[in-house]
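Read-outs: derived from the displayed coordinates by stated rules, not from any lab. Small disclaimer: the values here were computed from a predicted structure and weren't measured.
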């Protein structure tokens, strides 16, 4: 029997987790240009009486990107909302089974839709050089829309890592049950 810490699924999941951690670190640094652009706008507007036409747009685009691209890191850190009313009372094996089923039934259909439609929105914006018409600055939209399929891919990879962790937890609990049963 394989020791739980050496389980093949945990080894692969650890490697896949690096992508979410790497993206989370990079995205974390995006807070600096967001705060700087917002601060510049506030100072420019209220101290010098000269508001910019770009700072608000830059802030909401960076914040949206920050929020979207940080989702895989949040999933890796188990930071998404979870209802623990029943879940917390279950055994680790039952939790793993429920998580595994939920990833297959709920998570992946949404993620595949995000990748498919996100790519379509990005590609159309890229081909037409679409611009935000709600802004006097009128920045191009395709870099912002590229975030949708990239987020989907990052989430798909991290979701697969989480599924591997579920498989390892299910099999590890079987291993522990056999060890306990064998010792008694």
| request: Quick one: Debye curve from the alpha-carbon atoms of segment 83-164 only, equal weights, vacuum; give me log10 I(q)/I(0) at q = 0.17, 0.27 Å⁻¹ to two decimals. | output: -0.74, -1.16
| note | The helix 142-183 Cα axis meets the longest alpha-carbon principal axis of the chain at an angle in degrees, between 0 and 90 and rounded to 10, of 20 degrees
| request: Report, in degrees rounded to the nearest 10, the 0 to 90 angle that the Cα long axis of helix 31-46 makes with the longest principal axis of the chain. | output: 30 degrees
| request: Using only Cα atoms, tell me the angle between helix 108-128 and the longest principal axis of the chain; keep it within 0 to 90° and round to the nearest 10. | output: 20 degrees
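As a test of the formula, what do you get for the chain when each DSSP H run with n ≥ 4 contributes -39,500 (n - 2.57) and the sum is divided by the residue count, at 222 nm and rounded to the nearest 500 deg cm²/dmol?
Result for the chain: -25000 deg cm²/dmol, rounded to the nearest 500.
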| query | Between residue 26 and residue 42, 0.36 nm times their residue separation minus their Cα-Cα distance comes to what? | reply | 3.2 nm
| field | Mean projected area in nm² (Cα convex hull; one quarter of hull surface) for the chain | value | 14.0 nm²
